[in-house]
Every structure is written in structure tokens, then in C-alpha cells.
């Protein structure tokens, strides 16, 4: 485990997480991984419990590669050093069984926000075009110009806070899959392909991103739509293959 020096008073509580996670706290997200909210003293923590790795990854994460929890913690610290907003990292905990990684937890301060970028894509908020423009500028200036390539840059992983009329703050979450590398125009557009927006929204974002690079806006829109369609097709094919092999396993 590792705990930020700012939260050493919570070290014993973090050590107990594996015993209390499924008994205490308020579940705020449950899917492949689970996120629960805990109140500890004056702190409000979000704890992400990662799904137990498969047999090969138990070995890989145990001896050769940092766990998802450790990577989330280290990436959060690096992002804050770069001036990129993300929930403040508190620490991480790894649990080993017979020498192999069995479970891992990432702890961060709960970050207040007003809505996520998906709400903007789904037309649930007003002033959406201005928000989209600011979101793309944020992506360009804060992430790509700082060599930050978020591998899970999806509609659920961007939190938005209203600062004042017409101005918004953006924060990113789900940090375990991330690269730090130079990002050019093509790579930057590619990074937007997972946002899963409709064509009108993709046009706004593609044109806005192209302008920031002093490229042809219409070409930027066409390229982003093409990347979006290719990604969605790949996702459908992957889903069909997974279902096919599940059925084979079932009939056995």
C-alpha cells in the first residue's frame, strides 16, 4: 500500500479496506469494477475496487507491472503536477494471495461536480455548444499539449463543474490506462473517438479541435466522424465475438 503524506491519519482505515469494503460505505457505481463512498473523520473518500484479475494478470501485476490501483494513484499525482484536474489521490491498497495479486483498491477524495460530458452529448444541459467548445479547448490545452493521452477518454470519464455563468471546469477520472507522450493533430483526433456522441456533436468537436491546430475545420469534422464510426464498428464486432464464444462455452 501507499498513502499520501497528507492522509497518513487514515492509514489504518485504508489497511482495513479489504475487510470492510463490501460491508460498509455507499455504492455509487457497480459494473466490472465497484466504486463506493466512505466518510472517514472529516474526509469523504471514493474507493474503487478493481475486478479480480485473471490468472495471468495476477502474476503480471504481482511481479512485472503496476496494478490498476497503483497506476491510478501515480497517474493522478502526475496529472495534478501538470495542472490537470482530477480527484485528489489518497492512496492505494493491494491484497496478495499465495504470492499473486488478488484484489486492489484506489482511494481518492470525492470530487463535487454538476454533470458529466455525456449529459452534454445527450442534450440534457443548456449552453451545450459553448460547453463543447470549452471541453475541446480543455482537451487540447490541458491534456494534449501536456502530452497526456487518456486511453479511456469516454463520455463517463469527464466531470464538469459550473464555475460561473458561461465558464466550466473539467476533471478526468478512470486513470489506470494512460500514456504520457507527444500528441500531434491526428493522434489528438484519434483520442476523441470513444466519446460516443451523435454526428452533430462530433462535427462541433471536430471543427473546434481542427481550428486549435490551425487545420481545415470541415476536414477535422469528417475525420472525427470516420474515427467514431470505425471505433463503433470495432466495438460491435468485439461484442459479437464475445457472445459467440459465450454460447460455445454454454453448450459444452
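GNM on the chain, alpha-carbon springs under 10 angstrom: the most fluctuating residue among 197, 226, 210 is 226. Relative contact order for the chain: 15 percent, from Cα pairs under 8 Å spaced at least 6 residues apart, divided by residue count.
A straight chain from residue 33 to residue 88 at 0.36 nm per residue would run longer than the Cα-Cα distance by 17.8 nm. How far, in degrees from 0 to 90, does helix 128-138 lean away from the longest principal axis of the Cα atoms of the chain, to the nearest 10? Here the helix axis deviates by roughly 70 degrees.
Per the Debye formula on identical point scatterers at the alpha carbon atoms of the chain, with no solvent, log10 I(q)/I(0) at q = 0.11 Å⁻¹ is -0.69.
Relative to the longest principal axis of the Cα atoms of the chain, the long axis of helix 199-212 lies at roughly 80 degrees. Compared with the rule-of-thumb size 2.2 N^0.38 Å for a compact globular protein, the stretch 101-212 has a Cα radius of gyration ratio of 1.09. What is the helix-to-structure angle for 217-251, meaning the angle in degrees between its Cα long axis and the longest Cα principal axis of the chain, kept from 0 to 90 and rounded to the nearest 10? So the inclination is approximately 40 degrees. Working ranking of peptides 11-17, 50-56 by packing, defined as the average number of other Cβ atoms within 10 Å per residue, highest first, is 11-17, 50-56. Summarising the label geometry, the points placed 7 Å from Cα in the beta-carbon direction at residue 127 and residue 152 lie 3.0 nm from one another.
Mean residue ellipticity, 222 nm, helices only, the chain: the sum of -39500 (n - 2.57) across DSSP H runs of n ≥ 4, divided by residue count and rounded to 500, is -12500 deg cm²/dmol. With each label modelled as a point 7 angstrom along the Cα→C-beta vector, the residue 95-residue 59 pair spans 2.3 nm.
Note on the stretch 19-104: semi-axes of the ellipsoid equivalent to its C-alpha gyration tensor, largest first and rounded to whole Å, are 23, 19, 11.
Only the coordinates and a few stated rules stand behind these numbers; no lab work does. Bear in mind that the values here come from a model prediction, so they are computed numbers and not experimental data. Methodologically, a virtual Cβ is constructed for each residue, glycine included, from the backbone with ideal geometry; neighbour enumeration extends over all protein chains shown.
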